[in-house]
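Below: the structure, in structure tokens.
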Amino acid sequence: MRRGIIGLAGMVCAFMILGLSSAAQAHCEIPCGIYDDAMRIKMLNEHLMTIEKSMRTIEDLSGHAESGSTEHQIEHQHQLTRWIVNKEEHAKKFQGIVWQYFMTQRIKPGEENYERKVQLLHEMLYYAMRCKQTTDTGHVKKLMNLVQEFEKVYFQEKDK
């Protein structure tokens, strides 16, 4: 009996920990009214700067064929892999803010400039995907412009 209670308590604690860790990753969809739209825009721009730095570093590392020891070549490959993973993770986080925060929670059908906002957000998702697929910094530049344009359209009606 005692083992059963301890086991159950352990399972409850594990589910609570798992629940808390997933809650920390994204804003919930409960309409609590605690939003910081400007911070989300800032986060988008920060992810873009990280993606761009990752792309430049990947290009730099890829251009330097290592001719040293096998151990040195492996270290070089590991470093290259870490930058690729970093680029992918930040593009994924960027996409998460776009779709989970703005498209799901903040942009509502029928509101002013709805179609334009959705178009800009969809374009952002597309170019973030392109950032995952390539090291073309032109995609990052396009995203920076899209974020800037979205910010103007989004906050234009909020300032009224």
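Readers should treat all values here as calculations from the given coordinates under stated rules, not as data from a laboratory. All of these numbers come straight from a predicted model, not from anything done at the bench. Don't worry about glycine lacking a Cβ; one is built from the backbone with ideal geometry, like all the others, and counts go over all protein chains shown.
For the range 81-119, which GluC sites (Glu not before Pro) pass both filters: DSSP loop (anything but H, G, I, E, B) and at most 14 other C-beta atoms within 10 Å?
Within the range 81-119, the qualifying GluC sites (Glu not before Pro) (loop, at most 14 other Cβ atoms within 10 Å) are 111, 112.
Any chance you could get the radius of gyration and Dmax over the Cα atoms of the range 36-158, in Å?
17.3, 62
Which lysines, on any chain, are close to residue 132 with Cα under 17 Å apart, when same-chain ones fewer than 8 places away are left out?
Excluding near neighbours in sequence, the set is 53, 87, 92, 93, 141, 142.
So, in Å, what gap is there between the alpha-carbon centers of the range 56-88 and the range 99-141?
After rounding, the separation between the Cα centres reads 31 Å.
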